[in-house]
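Take a look at the structure set out below.
The values are calculated or read from the model by the stated rules, or taken from the named source; none is laboratory data. Note that the structure is a prediction, hence the values are computed from the model and not measured. As a convention, Cβ positions derive from the backbone with ideal geometry for all residues, glycine included, and neighbour counts pool all protein chains shown.
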Amino acid sequence: MSGASWGLVASTFTASFVEFVEALTIVLAMGVTRGWRSALAGTAAALLALVAFTVVTGYALSTWLPEALLQLVVGTLLLIFGLQWLRKAVLRSSGLKALHDETEEYAAQTAAARQAESKRRFGIDTFAFVVSFKGVFLEGVEVVFIVITFGLSAGDMQYAVLGAVAAAVIVLVAGAILHRPLAMIPENTLKYGVGLLLASFGAYWAVEGLGVFTASGESLSWPGSDWAILGLLAAWIVISRVLVVTLPRIKGAPVATPQEGMVR
Amino acid sequence: MRFLKGFGQFWYDFIIGDDWKIAVAVVAALAVVLALLLGGVTGPALAAFGGVLLIAFFTASVVIDVRRSR
């Protein structure tokens, strides 16, 4: 296994790990408060839907879409996901948004689950089923896009999938053993790193993919070819650090602790 | 109808997320690059300019967000 393959596995592992931790928190909250049967049924249904989504999307992307259009569609989605993560990371680092805390998220989810009315269909609690389904499917679709992008850009889908599967297994085992959210994970730091990676790959692909609108339909080329991804990564790191320093001044407030002065 | 609404809301939450300005910034930057491309500008310099635009539009969207919350 080459260094590039290890890098690919590490990238998809880290990105998928963060998503799976969030999904685990939701399923745990539903399982503990509303019953494991309904929470696990929602999770199983979401996994089935994810497999169907991956097969259909993968087939459509690889057979119907020209390469440049594939880059544009997946790159744009990845760019939007990545920049949402980067925005939150910047706001958290500058003290303008509360740090994400899986324990607090778990508490909020369990409180909402306790207050929701109980409606049962086929012996399944609808609330727990729907919330578990939505949580797992939403986080899972992001993992699918991450794996597709990293796998295709590295030309090695196997290792990209390996990273995501390893993350899923570790989170599942840890969740099953601990039976509580994985709050000890440095999730905010991981999200910052993943946001930078997604924004860099997404920008590279989305701009390349604009070539689909030219007469030749070929992808645009970046200066330095694939090395431009490193240039983009460096640029996103620099601008995010500059924003962390300048945003509190723009807001016109002293640098707050992460729990104070939240933007949203 | 309720299903369609829920379906639409799911994909809106998934793609647009908490801050619609990020999606607008991305689409606007790509639209500018596309306009230049269709206007005859080509080559690696255009791709690099696209990268710069994406960073600039993202920065603007975050700054607008913070200013509005003052």
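Evaluation of A:Thr126 against the conditions (1) of a type in the set (Ser, Thr, Tyr); (2) crowded, with 17+ Cβ neighbours inside 10 Å; (3) closer than 24 Å to A:Glu187 by Cα shows that the sole unmet condition is (3). Note on region A:88-99: among residues that are surrounded by 17 or more Cβ atoms within 10 Å (Cβ to Cβ) and part of a loop (DSSP other than H, G, I, E, B), the one that is modelled with the lowest pLDDT is A:Ala98.
A:Leu70 fulfils the conditions (1) more than 14 Å from the chain's Cα centre (by Cα); (2) surrounded by fewer than 21 Cβ atoms within 10 Å (Cβ to Cβ) except for a single criterion, (2). Of everything listed in (1) surrounded by fewer than 23 Cβ atoms within 10 Å (Cβ to Cβ); (2) at pLDDT 85 or above, the single unmet condition for A:Trp205 is (1). Consider B:Asp18 carefully, then state whether it is within 18 Å of A:Leu79 (Cβ to Cβ), modelled with pLDDT under 85 and in a helix (DSSP H, G or I). Here the answer is no, as B:Asp18 does not meet what is asked.
Within region A:102-151, being over 18 Å from the mean Cα position of the chain (by Cα) and of a type in the set (D, E, K, R) holds for A:Glu104, A:Arg114, A:Glu117, A:Lys119, A:Arg120, A:Arg121, A:Asp125. Picking from residues in region A:106-140 that are charged (D, E, K, R) and assigned to a helix (DSSP H, G or I), the one that is nearest to the other protein chains (Cβ to nearest Cβ) is A:Lys134. Given the criteria assigned to a helix (DSSP H, G or I), within 10 Å of another protein chain (Cβ to nearest Cβ) and either of a type outside the set (D, E, K, R) or in contact with an Asp or Glu (Cβ under 6 Å, 6 or more places away or on another chain) (or both), does A:Ile239 qualify? So A:Ile239 passes the test. Within region B:7-52, the set of residues being more than 7 Å from chain A (Cβ to nearest Cβ) and in contact (Cβ under 8 Å) with a residue 12 or more places away in the chain comprises B:Lys21, B:Val24, B:Ala25, B:Ala28, B:Ala29, B:Val32, B:Leu36, B:Phe49.
Take the conditions (1) surrounded by 15 or more Cβ atoms within 10 Å (Cβ to Cβ); (2) closer than 30 Å to A:Ala113 by Cβ; A:Thr57 misses just one of them, which is (2). For region B:53-69, the criterion of being more than 7 Å from every other protein chain (Cβ to nearest Cβ), assigned to a helix (DSSP H, G or I) and more than 25 Å from A:Ile229 (Cβ to Cβ) is met by at least one residue.
As a summary of the residue check, B:Leu4 satisfies the conditions (1) part of a helix (DSSP H, G or I); (2) farther than 23 Å from A:Leu69 by Cα; (3) without any contact (Cβ under 8 Å) to a residue 12 or more places away in the chain; (4) at the interface with chain A (Cβ under 10 Å from one of its Cβ atoms) except for the one numbered (4). Checking region A:172-190 against the condition returns no match, with no residue being in a helix (DSSP H, G or I), in contact with a helix residue (DSSP H, G or I) (Cβ under 6 Å, 6 or more places away or on another chain) and at pLDDT 85 or above. Screening region A:1-38 for residues that are of a type in the set (Gly, Ala, Ser) and in contact with a strand residue (DSSP E or B) (Cβ under 7 Å, 6 or more places away or on another chain) and picking the one that is modelled with the lowest pLDDT gives A:Gly35.
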